[in-house]
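Contents: one structure, followed by commentary.
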Amino acid sequence: TLLTSPTATHVDDSRTVYFVATNSNYAPAFGNADVTITPRLITLTAGTQSRAYNGNALTDATVTQTGDGFLGSEGYAVAPTTSGTISDVGSIANNVVAGTLNAATDADDYTITPVAGSLTITPRTLTVRADDQQIAYPADRPANAALTYTLVSGDLSTETPAYSGALGYDATKLPASQPYAPATYTDAIVGGTLALTNSGAFKAANYALTVLPGTLEVVNGGFTVDLTGGSWTYNGNPHGPTL
């Protein structure tokens, strides 16, 4: 008759119990049995965030706990958090930083698996508009370097956008050769080689440049007519101005 036996409550209490049964009429009988406690499984998943660049650091300290969970009053005295932080365009792992278990918790009773999240910053859209241009026939269109543009949106008060290159023209929206006939050539002025460049706190990689097209208007040209008059003594012949 089994009156008492070693028991196991915690994972590190697991053991093999050996026994012998005796009876005066028989040889002793030997045996053993395993008493095993397996850990409760807990998964800690760090937060994942993504947003466009705004000049500020992106963090997410959220840690979501799933799995078997802690028993009763067992758990963390200091909750787990995360380590990730990113300010410029890119993506990094948001790793779990282990917390501190409370005094009631035996670490061997739990298998805690951390799962990293990710923090991603995408480029901020910076929009400029090509300024409309007007020329009078038969003037040639302005050179690319003379074309101007206006910042529309996407800039930050702490950073001043810097540019390289110049605007250009969309050949499909213009006649094959100059001078162009008087007309309105909508959206003929386009981005060309205009691009962003680094300057001070402004980092081009943190932005995506969008160039809204402009219009080239060719208006009628003007010309001057000079009339030269005179004074004559009457001689019976007609007289008039010269063009």
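Only a single item in (1) closer than 21 Å to residue 131 by Cβ; (2) open to solvent by 50 Å² or more (accessible area, probe 1.4 Å); (3) assigned to a loop (DSSP other than H, G, I, E, B) is not met by residue 177, and it is number (1). Mind checking which residues of region 134-147 are loosely packed, with under 15 Cβ neighbours inside 10 Å and free of Cβ contacts under 8 Å to residues at least 40 places away in the same chain? Scanning region 134-147 gives 140, 143, 145, 146. Tell me, which residue of region 152-166 that is out of contact with any Leu (no Cβ under 8 Å at 6 or more places or on another chain) and open to solvent by 50 Å² or more (accessible area, probe 1.4 Å) is nearest to residue 187 (Cα to Cα)? Out of the qualifying residues, it is 160.
Being at pLDDT 95 or above and over 30 Å from residue 204 (Cβ atoms), is that true of even one residue in region 115-133? Yes, the conditions are met somewhere in region 115-133. Only one entry in 87, 91 is open to solvent by 60 Å² or more (accessible area, probe 1.4 Å), within 20 Å of the chain's Cα centre (by Cα) and either farther than 30 Å from residue 219 by Cβ or touching a residue at least 24 places away in the same chain (Cβ under 8 Å) (or both), namely 91.
From the list 9, 4, 38, the lone residue that is assigned to a loop (DSSP other than H, G, I, E, B), modelled with pLDDT of 95 or more and open to solvent by 70 Å² or more (accessible area, probe 1.4 Å) is 38. Only residues that are surrounded by fewer than 19 Cβ atoms within 10 Å (Cβ to Cβ) and assigned to a strand (DSSP E or B): list them for region 203-220, please. Result: 208, 209, 210, 212, 215, 217, 219. For residue 114, the conditions (1) on the phi > 0 side of the Ramachandran plot; (2) more than 19 Å from the chain's Cα centre (by Cα) are fulfilled apart from (1). Working only within region 134-146, note down all residues that are in contact with a Pro (Cβ under 8 Å, 6 or more places away or on another chain) and in a strand (DSSP E or B). Scanning region 134-146 gives a single hit, 135. Note on region 180-191: residues that are part of a loop (DSSP other than H, G, I, E, B) and surrounded by fewer than 17 Cβ atoms within 10 Å (Cβ to Cβ) total 2. Residues considered: 31, 55, 72. Of these, the only one that is open to solvent by less than 70 Å² (accessible area, probe 1.4 Å), touching a residue at least 12 places away in the same chain (Cβ under 8 Å) and assigned to a loop (DSSP other than H, G, I, E, B) is 55. Give the residue that is least open to solvent (accessible area, probe 1.4 Å), with candidates limited to residues of region 98-133 that are part of a strand (DSSP E or B) and of a type in the set (D, E, K, R). Across region 98-133, the extreme among qualifying residues is 124.
The values are calculated or read from the model by the stated rules, or taken from the named source; none is laboratory data. All of these numbers come straight from a predicted model, not from anything done at the bench. Backbone-built Cβ (ideal geometry, glycine too); neighbour counts: all protein chains shown. Surface areas here come from the heavy atoms of the whole protein model, side chains and all, with no ligands, DNA or RNA. Shrake-Rupley method; radii C 1.70, N 1.55, O 1.52, S 1.80 Å.
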